[in-house]
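Notes for the one structure printed next.
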Amino acid sequence: MEQELIQLIKDLTNKVNILYKDRERQGTSHEQRMNVQNSDVEYPHLRVRAPAYEVENYPELIEKFPDMEDDIFRSPLKDDERKEIVYGYPKFKVVNYQPPPLNDTAPTAVKKVDGLLYSIKQSLANITRPIDQYRHEQLRSGRTVDPDNDEDIIAMESIRRLITDLASSISQSRVENIHKSLEFPGKAPQMVEPTVKMIYEEEKFEALLATKKKAVKPKSSRTRPFRQRQQLASGYAPATAQNQYTNPAPKTTLQQQNSE
């Protein structure tokens, strides 16, 4: 079992080593930059971005790893194969494999979407088990582990980081789905503070925006209808209006009131 595990990890390492090593040098996800080593450069602090590039297919690569030609998005495992891979490796007590559950009082519609995201996060957590077992075996074998220079360790660490990053993104999607579905006020809580700082603080901006919406009221129109204005202008006013102007009510004086 131990030899098979080591061989499996080695095959996986060789498979992803080139891909993730190239990916780390690309400027797509991590804008890594190369220092200019020429001492004659006029600007010593100038940095040049690493160019994006790709590795072409070559016979040895496809021969040793034919599954690289498989469609990543259309190559599902059978249930027994998936269980054999996942449960063939132990859990580690230090790792939390269970995502945070949804509140019991949440509506059914919210639970359906959240349940799907929950399952994906749980699967991602189980994917880390072969990686953690590989690291454990390296320590048991007495190997000197150098996370900064050992290419095998660097490849494994890169895979694990990508897994945890994706799981964290799904956690944020769960929060936003709940917040939007239940129409909670304000913006959904952010699990990680954004690196780009807004010109306004989010809470203050939302409060000012809400105050402005309350202050704006629809204007009331006191203009008489067009038909009525037209009738008054042409001399055809309603009867009540004519009586008001032609036969005004007589004024009652204070003396007349006393005599009565």
- Task: Would you please list the contacts, defined by Cβ atoms under 6 Å and residues six or more apart or on different chains, that run from a residue in region 73-88 that is under 18 Å from residue 133 (Cα atoms) to a residue that is assigned to a helix (DSSP H, G or I)?
- Result: 86/126
- Note on the structure: Only unsatisfied item for residue 120, checking (1) under 30 Å from the mean Cα position of the chain (by Cα); (2) in contact (Cβ under 8 Å) with a residue 12 or more places away in the chain; (3) farther than 29 Å from residue 184 by Cβ, is (3)
- Message: For a quick check of your reading of the model, give me the residue pairs whose first member lies in region 124-153 and is among the basic types (Lys, Arg), whose second is in a helix (DSSP H, G or I) and surrounded by fewer than 18 Cβ atoms within 10 Å (Cβ to Cβ), with beta-carbon atoms closer than 7 Å and at least 6 apart or on different chains.
- Response: 129/86
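Being closer than 30 Å to residue 211 by Cα, basic (Lys, Arg) and not in a loop (DSSP other than H, G, I, E, B): is that true of residue 112 here?
It is false that residue 112 is closer than 30 Å to residue 211 by Cα, basic (Lys, Arg) and not in a loop (DSSP other than H, G, I, E, B).
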- Among the numbered conditions (1) closer than 24 Å to residue 92 by Cα; (2) of a type outside the set (Gly, Ala, Ser); (3) loosely packed, with under 15 Cβ neighbours inside 10 Å, tell me where residue 192 comes up short. (1)
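Yes/no matrix, rows are residues, columns are (1) modelled with pLDDT of 80 or more; (2) in a helix (DSSP H, G or I); (3) in the same structural domain as residue 130 (by the TED database); (4) at positive phi:
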residue	(1), (2), (3), (4)
157	yes, yes, yes, no
175	yes, yes, yes, no
200	no, no, no, no
227	no, yes, no, no
252	no, no, no, no
- Only one of (1) under 23 Å from residue 94 (Cα atoms); (2) touching a helix residue (DSSP H, G or I) at 6+ places or on another chain (Cβ under 7 Å) is not met by residue 114, so which one is it? (1)
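The values are calculated or read from the model by the stated rules, or taken from the named source; none is laboratory data. Note that the structure is predicted; figures quoted are calculated from it, not measured. Positions of Cβ are backbone-derived with ideal geometry, glycine not excepted, and every protein chain shown enters the neighbour counts.
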